[in-house]
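Structure first, commentary second.
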Amino acid sequence: MSAHAAMTETPGKDVIICREGAAGIMRLNRPKTINALTLEMTREIVTALDAFETDPGVSLVLLEGAGERGLCAGGDIRGLYKSAKAGGDLGPVFWREEYILNARIPYFPKPYVAYMDGLVMGGGVGLSAHSAHRIVTEKTQMAMPEVGLGFFPDVGGTWLLSRAPGEIGTYFALTGQTMSGADAVYAGAADVLIETKNWPALRDALTNAPLKATAANVRAILAIYAVSDVQVPVAAYREQIDKAFAHHTVEAIVATLKEDGSDFALATLKALSEKSPTALKVTLELLRRARSSKSLKECLMREYNSALAVFTSAEFVEGVRAAIIDKDRNPKWSPSRIEDVTPEIVGKYFAPNGKYTLVFPD
């Protein structure tokens, strides 16, 4: 099967699981929603990984998205919104299973390759950016814009972003700005940038890899197609970003940007002003705690606890309403000012939750 045929077929299933050569394929298949991730899709991926792990005929796993718009636009926010408004439990159930899957990916015993073309957001980052071999392109638009929904970068996002060079991760987490493919490699969220025109040949090389393909074999194949001399947009602002976002309070970050006064600083201030003040402070605290964490699992457990608080908060419902449901882009945050978000408010997102727990399998 050619790469073109594989990417354009649209059977009814939301995740296409198949074998091509020695490769186990997992194709997210909701192109009309840019492959937004649901609980059922998460379970299908888990089942596929179980099968691929024990199948001696599978040498590597390839994650890709159907359609031309992107790998995955994130979780199915509309479903979470409806459940949150109705007092349901979709959030706690979905995030528990999703985070357990996220934690499994870095330790999958066979090469796990993610093709991160086009839009890659939220849950899509969780499925791809923890993998061993992460491919981006000149069309990649990676983002974790959750602070604009009264949420925070989850699915292990605090682990990834807290380990980016300098304060690059803090900048992307708080502003929700989009990374190009080159930015993603620079930030440590991807490994190799290729040109999309070379994907069919690279895909064929991967699916025809030897039965005993190793991580080194896969890296060698990727290196053939890698583009090394590319401009990294965010690198031009590294000095300003490191200076402003090194602070441990949002107020200090804002003050430094105001003092800077450059076009970049003013644009960054505008981006911050559109976000939930509570989400900004919770996100910054999660990032700082993540820096001293020893594992992805530790960060996911912390994120899960905070996500439970978000799910029952008015901020999340209001953020989704303004951005996705009514699309008026005019959320009414409460508190509406950064300085009014007290330590007590932030502390609620870190308080133990007695109803739901996240336990990783041995």
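General remarks:
- Residues (assigned to a loop (DSSP other than H, G, I, E, B), touching a residue at least 12 places away in the same chain (Cβ under 8 Å) and over 22 Å from Gly75 (Cα atoms)) located in the stretch 334-352: Ser334, Pro335, Ser336, Arg337, Val341, Lys348, Phe350, Ala351, Pro352
- Being surrounded by 23 or more Cβ atoms within 10 Å (Cβ to Cβ), modelled with pLDDT of 95 or more and not in a helix (DSSP H, G or I) holds for only one residue in Lys275, Lys294, and it is Lys275.
- Residue count for the stretch 90-143, restricted to those that are in contact (Cβ under 8 Å) with a residue 40 or more places away in the chain, outside any helix (DSSP H, G or I) and touching a Phe, Trp or Tyr at 6+ places or on another chain (Cβ under 8 Å): 8
- Hits in the stretch 297-307 - residues which are surrounded by fewer than 22 Cβ atoms within 10 Å (Cβ to Cβ) and not aromatic (Phe, Trp, Tyr): Lys297, Glu298, Met301, Arg302, Asn305
- Among the residues here, Ile325 qualifies as farther than 15 Å from Thr170 by Cβ and of a type in the set (Val, Ile, Thr).
- Unique match (being open to solvent by less than 60 Å² (accessible area, probe 1.4 Å), more than 30 Å from Pro56 (Cα to Cα) and among the charged types (D, E, K, R)) among Asp183, Asp260, Asp229: Asp183
- Against the criterion of being at pLDDT below 95, more than 26 Å from Thr357 (Cα to Cα) and either assigned to a helix (DSSP H, G or I) or under 22 Å from the mean Cα position of the chain (by Cα) (or both), Ile253 does not qualify.
- Qualifying positions in the stretch 27-39 - assigned to a strand (DSSP E or B) and either modelled with pLDDT under 95 or under 18 Å from Glu97 (Cα atoms) (or both): Leu28, Leu37
- Residue within the stretch 146-153 that is open to solvent by less than 10 Å² (accessible area, probe 1.4 Å) and without any contact (Cβ under 8 Å) to a residue 60 or more places away in the chain present: no
- Residue, farthest from the chain's Cα centre (by Cα), within the stretch 310-330, restricted to residues that are in a helix (DSSP H, G or I) and surrounded by fewer than 17 Cβ atoms within 10 Å (Cβ to Cβ): Ala314
- Test result for Ala201, surrounded by fewer than 21 Cβ atoms within 10 Å (Cβ to Cβ) and either free of Cβ contacts under 8 Å to residues at least 12 places away in the same chain or in a strand (DSSP E or B) (or both): no
- Number of the exception - Ala213 against (1) open to solvent by 50 Å² or more (accessible area, probe 1.4 Å); (2) modelled with pLDDT under 95: (1)
- Top-ranked residue in the stretch 154-180 [being part of a loop (DSSP other than H, G, I, E, B) and closer than 15 Å to Ser276 by Cα; ranked as most open to solvent (accessible area, probe 1.4 Å)]: Gln177
To keep it simple, each residue is scored yes or no on (1) part of a helix (DSSP H, G or I); (2) under 23 Å from Gly79 (Cβ atoms); (3) open to solvent by 10 Å² or more (accessible area, probe 1.4 Å).
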| position | (1), (2), (3) |
| --- | --- |
| Ile25 | no, no, no |
| Met41 | yes, yes, no |
| Thr47 | yes, yes, yes |
| Asp50 | yes, no, yes |
| Leu63 | no, yes, no |
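- Any chance Lys82 is outside any helix (DSSP H, G or I) and either more than 13 Å from the chain's Cα centre (by Cα) or of a type in the set (Val, Ile, Thr) (or both): no
- Among the numbered conditions (1) closer than 17 Å to Glu97 by Cα; (2) in a helix (DSSP H, G or I), the only one that Lys355 does not meet is (2).
The values are calculated or read from the model by the stated rules, or taken from the named source; none is laboratory data. This structure is a prediction, so every number in the text was calculated from the model and none was measured. Positions of Cβ are backbone-derived with ideal geometry, glycine not excepted, and every protein chain shown enters the neighbour counts. The area values use the complete protein model at the heavy-atom level, side chains included, leaving out ligands, DNA and RNA. Shrake-Rupley method; radii C 1.70, N 1.55, O 1.52, S 1.80 Å.
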